[in-house]
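Comments concern the structure below.
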């Protein structure tokens with residue numbers, strides 16, 4: 001299972017069900033993690049912080065490449081790994 005750190009604002013929105021997608025830049029670091037999961041459902045642990053006792057939640061996500069929504073942290077016209085949250 002991948003563990004991804006996430007800022008409190010986005011973490012809280014995901015936990016409440018308000019935010020349905022998380023975005024990660026298309027860079028070598030994330031390519032090595034996400035390319036093998038494109039167009040697949042995978043479990044991801046979102047963690048608000050880096051320590052083992054930081055708040056976290058596990059979500060099933062569907063990984064694609066596309067543009068995101070600015071209200072959820074994406075920049076218009078930029079391609080990202082889009083982690084569409086299916087359920088917690």
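Values quoted throughout were computed directly from the atomic coordinates according to the rules given, and no laboratory measurement underlies them. Every value quoted in this text rests on a predicted model; they were computed, and no experiment measured them. All Cβ positions, even for glycine, are placed from backbone atoms using ideal geometry, and neighbour counts span all protein chains on display.
When 45, 8 are ordered from fewest to most other Cβ atoms inside 10 Å of their Cβ, what list results?
On the way: 45 14, 8 11.
So the residues, fewest neighbours to most, are 8, 45.
Would you mind checking the stretch 8-42 for residues with the amide N under 20 Å from a putative spin-label position 7 Å along Cα→C-beta of residue 86? Residues passing the 20 Å test: 14-24, 33-42.
Beyond 19 Å, what percent of the Cα pairs of the chain remain? Walk me through the intermediate numbers first.
Numbers: 1319 of 3828 pairs.
In whole percent, the share of Cα-Cα pairs in the chain beyond 19 Å is 34.
Sorted fewest first by neighbouring Cβ atoms within 10 angstrom, 61, 82, 75 come out as 75, 82, 61.
Among 83, 4, which comes first, second and so on when ranked by fewest other beta-carbon atoms within 10 Å? Can you show the working numbers first?
On the way: 83 26, 4 15.
The most exposed by this proxy come first: 4, 83.
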